[in-house]
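The values are calculated or read from the model by the stated rules, or taken from the named source; none is laboratory data. Here the structure is a predicted model, which is why all the values come from computation and not from measurement. Here the Cβ is made from the backbone with ideal geometry for all residues, glycine too, and neighbour counts use every protein chain on show.
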Amino acid sequence: MLYWLHLSRRDFVRQNPANDGSALGTFALRAPVRPNLIGISIATLIGIEGTTVLVRGFDCLDGTPPLDLKPDRTLFTPIAPATTGRL
């Protein structure tokens, strides 16, 4: 499940890594704190009630808006390629 981190800080565009008063752009640094407000979590679908999706294991705050739901691809078995009858 992809979700929008609507309560996260958005002021990490410039950072001061050495505490020397000089600020650099976040993407010019190897800083672990970046202004990416999209989160991902693996959750178990419990059910759907109207427009409400019920999940268990969603690692976020109540009321966090989901962006997208994806199935667990490891549960699918690949289909064998079609054969043409030629060698």
Task: Filtered residues of segment 1-26 (kept if surrounded by 10 or more Cβ atoms within 10 Å (Cβ to Cβ), within 19 Å of the chain's Cα centre (by Cα) and modelled with pLDDT under 75) - done: Phe12
Task: Flag if Thr44 is exposed (fewer than 10 other Cβ atoms within 10 Å of the Cβ) and either under 30 Å from Asp11 (Cα atoms) or modelled with pLDDT of 75 or more (or both) - done: no
